[in-house]
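The values are calculated or read from the model by the stated rules, or taken from the named source; none is laboratory data. As the structure is a prediction and not an experimental result, all values here were calculated from the model. Cβ: placed from backbone, ideal geometry, glycine included. Neighbour counts: every protein chain shown. For the accessible areas, the whole protein counts, side chains as well, though only heavy atoms, and no ligand, DNA or RNA atoms are used. Shrake-Rupley method; radii C 1.70, N 1.55, O 1.52, S 1.80 Å.
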Amino acid sequence: MAVSVDEAVSTGPARDRGRPARRRGGRGRSVLEVALLTVLAVVMLFPVLWMIETSIKENRDVYAVPAEFFGFTVTMEHFKDVFVGPDGGRSALSVAFLNSVLVAGASTVLATLLGVPAAWAYSRFAVKAKKDQLFFILSTRFMPPVVVVIPIFLMYRQVGLIDSKLGLILIYAAYNLPFTIWMMKGFVDEVPSEYEDAAMLDGYTRLQAFRRHTLPLLVPGIAATAVFALIFSWNEFVFAIFLTSSDSVRTAPPAIAGLIGGTTTDWGLVAAASVVFALPVLVFAYLVRKHLIAGVTLGAVRR
Amino acid sequence: MTDDAGQVAATPPPAPGRSRRLSDRGLAVAFISPALLLLLAMSVFPLLWALYLSFTDYSATRGGRAYFVGFGNYTAILTSAQVHQRALTTLIYVVGAVTLQTVLGFTIAYLISRRTRGRGLLTTLFLVPMMLSPVVVGLFWRFMLDAQFGVVNSMLGSIGLGQVEWLTRQRTALISLIVVDTWQWTPFIMLIALAGLTAVPKYLYEAASIDRASEWFRFRTITLPLVWPLLLIAVLFRAIEAFRLFDLVYILTNGGPGVSTETLSFHVYKVAFLGFNTGTASAYGILMVLVVIVLSQIYLRYLNRLKEG
């Protein structure tokens, strides 16, 4: 209350200034706002543009000092190097990309298969200590990966899952499961349970009612959730670098990170590999832009 | 409570006998337990194992028997000056990065919410950094911040400013880390703040403008109080993520120069995978997990209250 009184007092002079003056000030402010927004947008987007630009520059232009923004020769060499190895065969990077597709895809399928039924059950049934269970599930996702990876590493070494795609698939599925359950529970909550009740009055069992009436309505939600799980697995780095080592198993993030660290770094190649790596993510993210808030908050915040 | 009550009400009133209800419970168990089993195997069991290891002197390379050392690892970590140093670095980094992101993210969201045209396009453009992998972000900034041929220094040079050794000087390296993290995660705060801003009912502003309330007054008494709860959720979420951060440090600075950008996560990695003191690293990790549990409990409690309110 005290605050509003202070405010009312402080706005006194502004009120006296009269309408036309304020309107002119408003236009000036609007121009200023647009200018500020433009500057911020340029700053935020410049690194992305620079990455794309670097990926199509010849090597001598990449290292040019001062940096060349325009008028460089365009080349597709770096993109060729991403996919074709020096000996003309498949490059190590392209193998890593294929591994990434396989690992991200399989872990997403697994997380979806386990997560969707669980989300439905949490939404529909009176489960004991439901809220605690759900919060527990989400909190597993907050564990620091560097910490979790220590016992996982020992565990995998024991059962022979070190440096295997299956090992990565399992850990990614577990990593995406809390998200899938939370996100899907939101979607299931939106489908009225009366549909199932009505179907059950018609003689269907609960399971049949779910399959015939609820599941078809959930398909868009499942697709959006799966896309996010796909993005998370695709981008994941910590587990990948500690649990895999050989070129035939490694996914793209550690493979791209492995391009630096020698005596010289081919930044053109790094840029091209990064562009190839990031492009599908941006396309997918654009497809699920309606669910972005729920997606990036792990299904915790919905609108 | 409210959820459960809703569920009870949703089941058809004429209870169709015991068998139906039993089969519902069976179905719930059958649908939930596979998911919980995977989480138990891949999240809970490893943490319990780490808890056990944290009381031993086990080393992953030496192998052999692990001897019980009680709370030795814990006291060693809590009294280590090295760890205190890393905790301070982490604190500076988390506070610095999250504060910057919040201020910038909210500013951008506010500016966008005041535009009538091009909102969708602007939002989409601003969101790009957030969707990139930390590997791509780290590598690319490393290239841009390079002291010799980096574009940032090149631009500074062209406006007559001196060259900065972004990643190779103690003080600037931590600042660079904060800047890069801010670049990547400002969109996150922006996205959530924007959701809050667009949800503020128009009639409140209309009522305020009838009263000829000033812009700042409207902002202070309408916009901020209504957006604040959602913004706090975003800030807490970012704080947890920033505390856990590992990959960006690993790629961008590798903890250097010296130990100036070694956060707690990165130090755990060094103790575990370069020092091979698995027991100590586990104790270290468990302590970090405790911090995360406290932070995430605050987050989840707050989220819960928000949902019920």
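A search for C-beta distances below 8 Å between a residue of the stretch A:84-104 that is without any contact (Cβ under 8 Å) to a residue 24 or more places away in the chain and within 13 Å of A:Asp247 (Cβ to Cβ) and any residue that is open to solvent by 30 Å² or more (accessible area, probe 1.4 Å) and in a helix (DSSP H, G or I), counting only pairs 6+ apart in sequence or on different chains, returns A:Gly85/A:Ala92; A:Arg90/A:Phe83; A:Ser91/A:Asp81; A:Ser91/A:Phe83; A:Ser94/A:Phe83. Within the stretch A:47-75, residues that are outside the structural domain of A:Val276 (by TED's automatic domain parsing) reach partners that are buried (at least 20 other Cβ atoms within 10 Å of the Cβ) and among the polar types (S, T, N, Q) with beta carbons closer than 7 Å, at six or more positions or on different chains, in the pairs A:Met51/A:Ser274; A:Val62/A:Thr54. Residue selection: B:Ala207 fails the criterion of being surrounded by 15 or more Cβ atoms within 10 Å (Cβ to Cβ) and more than 13 Å from every other protein chain (Cβ to nearest Cβ). In summary, A:Thr108 fulfils each of the numbered conditions (1) on the phi > 0 side of the Ramachandran plot; (2) away from chain B (no Cβ under 13 Å) with the single exception of condition (1). Assessment of the stretch B:227-236 against the conditions (touching a residue at least 60 places away in the same chain (Cβ under 8 Å), open to solvent by 20 Å² or more (accessible area, probe 1.4 Å) and touching a His at 6+ places or on another chain (Cβ under 9 Å)) yields no matching residue.
If you check A:Val127, A:Val149 for being modelled with pLDDT of 90 or more and of a type in the set (Val, Ile, Thr), only one passes: A:Val149.
Once the stretch B:233-278 is narrowed to residues that are over 27 Å from B:Gln297 (Cβ atoms) and of a type in the set (Gly, Ala, Ser), the residue that is modelled with the lowest pLDDT is B:Gly256.
For the stretch A:245-269, filtered to residues that are open to solvent by 10 Å² or more (accessible area, probe 1.4 Å) and polar (S, T, N, Q), the residue that is modelled with the lowest pLDDT is A:Thr263. Taken over the stretch A:105-137, the criterion of being among the basic types (Lys, Arg) and farther than 24 Å from A:His213 by Cβ is satisfied by A:Lys128, A:Lys131. In the stretch B:216-260, the qualifying residues are those that are outside any helix (DSSP H, G or I) and closer than 23 Å to B:Trp183 by Cβ, and the one that is farthest from the other protein chains (Cβ to nearest Cβ) is B:Ser260. In the stretch B:154-199, what residues are more than 13 Å from chain A (Cβ to nearest Cβ), outside any helix (DSSP H, G or I) and touching a residue at least 12 places away in the same chain (Cβ under 8 Å)? Those that are more than 13 Å from chain A (Cβ to nearest Cβ), outside any helix (DSSP H, G or I) and touching a residue at least 12 places away in the same chain (Cβ under 8 Å): B:Val164, B:Glu165, B:Trp166, B:Thr168, B:Arg169.
Per-residue answers, yes or no, for (1) in contact with a strand residue (DSSP E or B) (Cβ under 7 Å, 6 or more places away or on another chain); (2) at positive phi; (3) within 7 Å of another protein chain (Cβ to nearest Cβ); (4) of a type outside the set (D, E, K, R):
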position	(1), (2), (3), (4)
B:Gly105	no, no, no, yes
B:Tyr110	no, no, no, yes
B:Arg117	no, no, no, no
B:Gly120	no, no, no, yes
B:Leu125	no, no, yes, yes
B:Leu132	no, no, yes, yes
B:Val135	no, no, yes, yes
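Elements of the type helices (runs of 4 or more DSSP H) sitting completely within the stretch B:1-95 and holding at least 1 residues that are at pLDDT 90 or above and open to solvent by 30 Å² or more (accessible area, probe 1.4 Å): these cover B:18-39, B:45-53, B:72-78.
When every residue of the stretch A:125-148 is checked against the conditions, none turns out to be more than 29 Å from B:Ile286 (Cβ to Cβ) and basic (Lys, Arg).
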